[in-house]
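Note sheet for the following structure.
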Amino acid sequence: MSVIDGLNAPNTIAPTSASIGSQALDQRAFLRLLTTQMTTQDPFNPVDNTQMVAQMAQFSSVAGIAEMNQSLKTLISNLTGSGRLSDASNWIGRSMLTKSDVITPLADGAYAGELELPSAADQVSISFVNAEGATVHSMELGAQEAGAAAFMWNGKNEAGQVVADGPLRVVVTARAGTTNLNPTIATWTPIAGLQPPAAGGEARLVTGLGLKKPEDAIRIA
């Protein structure tokens, strides 16, 4: 039989996880066996107390080792998974591109992002709207092919004055003829720090858009 045939053949040897779990001796089952042993023992030849204590100590030791192994697996997963500290810590001080229609200023005060157009557009325009609902800047990208289209604004007006210093909402209008397109919006945001993982959790990046998972980063620059 070939290797491929072996992989395709039904597995009749390895037990399922359910069968393994049903054969495991947990603490409750051990105490039930111990109680049964005590109630059915020969009253004229009882089990030695020393042996009983040794059995309980041995079971507790095995249970403790199992819990420690599970804790080590969780720790290894946190350190080697997608949120591992060794990689994410190198991103501090850089910027990440992530899916969001909210945009924050970069270190130089500029606002940058990227659109993903589902199809070619005849006209694409972008507006930056502040928390009060006022448009602080608009820009025309013109006709764009399907796919990624980058955009950037220095955060200043024509006189060179800074007109925005906080998060803004990105509003995109894209049309192909009379059809309105719905592009995906992603924005660049600075990475200020790293929040270590809590117990059983994973690390989070501290960004201008709040806490983000490392896997939320489309690109790092």
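The values are calculated or read from the model by the stated rules, or taken from the named source; none is laboratory data. Note that the structure is a prediction, hence the values are computed from the model and not measured. No Cβ is skipped: glycine too gets one built from the backbone with ideal geometry, and neighbour counts run over all protein chains shown. All accessible areas refer to the heavy atoms of the entire protein, side chains included, with ligands and DNA or RNA removed. Shrake-Rupley method; radii C 1.70, N 1.55, O 1.52, S 1.80 Å.
Check segment 138-150 and report whether any residue there is within 23 Å of Thr179 (Cβ to Cβ), at pLDDT 95 or above, open to solvent by less than 50 Å² (accessible area, probe 1.4 Å) and under 29 Å from the mean Cα position of the chain (by Cα).
yes
Restricting segment 183-221 to residues that are in contact with a Leu (Cβ under 9 Å, 6 or more places away or on another chain), of a type outside the set (A, V, I, L, M) and not in a strand (DSSP E or B), which is nearest to Ser119 (Cα to Cα)?
The selected residue is Pro183.
Just give me the residues in segment 199-220 being farther than 25 Å from Ala120 by Cβ and open to solvent by 70 Å² or more (accessible area, probe 1.4 Å), in sequence order.
Ala199, Leu211, Lys213, Glu215
Out of segment 169-204, which residues are in contact (Cβ under 8 Å) with a residue 24 or more places away in the chain and hydroxyl-bearing (Ser, Thr, Tyr)?
Residues satisfying the conditions are Thr173, Thr184, Thr187, Thr189.
Could you tell me which residue of segment 72-104 is nearest to Asn130 (Cα to Cα), considering only residues that are open to solvent by less than 50 Å² (accessible area, probe 1.4 Å), modelled with pLDDT of 70 or more and assigned to a loop (DSSP other than H, G, I, E, B)?
So the residue we want is Thr104.
Which members of segment 156-176 meet the condition of being more than 14 Å from Trp188 (Cα to Cα), in contact with a strand residue (DSSP E or B) (Cβ under 6 Å, 6 or more places away or on another chain) and open to solvent by less than 80 Å² (accessible area, probe 1.4 Å)?
Passing the criteria: Val163, Ala164, Val171, Val172, Thr173, Ala174, Ala176.
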